[in-house]
Amino acid sequence: MVADKTVMATHPDLIELRKRYDMAAARPVAEITEGLTLLAAAYLAASPWIVDFRALPTITVNNLIAGGTLVVLALGLSAAYGRLHGLTWVVPVIGIWTIIAPWAMAGAVDTTRTIWSNAVAGGAIVVLGLLMTVFGVIRARRSFG
């Protein structure tokens, strides 16, 4: 038997759960975290031009794609946390990749600026992503604990 998706989408428990996650995301600390994540993502995407390592094409493209992906994800999480809270784990993963990318990608080890830029941005993204994940877990425990 196939479940009707329209029935599940309007199920009172699911609607209440989404409201609770959205309330968790509407707290000032959560909003600040989401905003800082968005700024870190924008910096990551623009960092090849800000720090001037655009002559390294692989890390430039990497940072542009990772930063752009994170911008879209941060906007989605701030707009619909109740629906997207399951994707918060992606934020710290992108941050970890950002930290190791200069060593993992050929040719990017030439410049200290690239390493420092990615390490600082990646570290901030990891911390912010973990905070967003924790906000959702705390809220879920309060709701169901």
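A few points about this structure:
- PRO57 being at pLDDT below 95, crowded, with 20+ Cβ neighbours inside 10 Å and over 17 Å from GLY129 (Cβ atoms): no
- Residue ID - farthest from the chain's Cα centre (by Cα), chosen from residues in region 33-81 that are without any contact (Cβ under 8 Å) to a residue 40 or more places away in the chain and not in a helix (DSSP H, G or I): ALA55
- Qualifying residue in region 111-118 (condition: at pLDDT 90 or above and under 14 Å from the mean Cα position of the chain (by Cα)): no
- Scanning region 61-87 for residues that are surrounded by fewer than 18 Cβ atoms within 10 Å (Cβ to Cβ), more than 14 Å from GLY129 (Cβ to Cβ) and at pLDDT 85 or above returns VAL61, LEU64, ILE65, GLY68, VAL72, LEU75.
- Condition met for VAL93 (part of a helix (DSSP H, G or I) and within 16 Å of ALA121 (Cα to Cα)): yes
The values are calculated or read from the model by the stated rules, or taken from the named source; none is laboratory data. Values in this document were obtained by computation on a predicted structure and should not be read as measured data. Because the Cβ atoms are built from the backbone with ideal geometry, glycine has one as well, and the counts that use them run over all protein chains shown.
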